[in-house]
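Working notes for the structure below.
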Amino acid sequence: MNPKFYTHRVKYYETDQMQYVHHSNYAKHFETARIEWLRDSGISYKSMEDNGVMLPVVNLNINFKKPAKYDDVLTIKTALKQEPNVKIIFTYEVYNQENELLTTAESTLVFVDMKKNKPIRCPEYILNAIMHA
């Protein structure tokens, strides 16, 4: 659903001794891609939090196929897996500048009422923005 693309050039400090992007950096890249996906859909984390809604990650699955390397230009394709309800599930595909698929991933987040610290259904204004983006 509604794929969007985020581009990132691999920095030297993101790599390990093998000159591959260290696995811990992928979660950061997926978070940035997800935040930009929401922003492009008309929703910002700040506006959600100002309205008392937070989105903690409850699951992240990553499947590494090929390594990304220093100075690679990565394109992260981010999409929704299904219409959000209490959960919102994003899928990710990471490609290098040769358009090789390097990594796939999926993250599950839950809408939470910040005051009650309880899961809630996706607020209507968020659902409308996402579904009409």
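Things worth noting here:
- Phe64 paired with Lys11, simple spin-label distance in nm, labels 7 Å along Cα-to-beta-carbon: 2.0 nm
- With contributions of -39500 (n - 2.57) from each DSSP H run of at least four residues, the per-residue ellipticity at 222 nm computed over the chain stands at -7000 deg cm²/dmol.
- Dipole magnitude of the chain, debye to nearest 20 (Cβ charges: Lys/Arg +1, Asp/Glu -1, about Cα centre): 320 debye
- Added length on full extension, which subtracts the Cα-Cα distance from 0.36 nm per residue, Lys28 to Thr75: 15.5 nm
- In range of the label at Glu36: residues from the range 48-74 whose backbone nitrogen is under 18 Å from the point 7 Å along Cα→Cβ: 68-74
- Potential lengthening of the chain between Asn117 and Glu83 amounts to 10.0 nm, from the contour at 0.36 nm per residue minus the alpha-carbon distance.
- In whole percents, the pair-distance distribution calculated for the range 15-133 from its alpha-carbon pairs, binned every 10 Å from zero, is 13, 42, 28, 15, 2.
- Table column - 3J(HN,Hα) (Hz), the range 35-49, Karplus curve with 6.51, -1.76, 1.60, x for Gly and Pro: 4, 5, 4, 5, 4, 5, 8, x, 10, 10, 4, 4, 5, 4, 5
Read-outs throughout are calculated quantities, based only on the coordinates presented, and are distinct from any laboratory measurement. Just so we're clear, the structure is a prediction, and the values are computed from it rather than from any experiment. Positions of Cβ are backbone-derived with ideal geometry, glycine not excepted, and every protein chain shown enters the neighbour counts.
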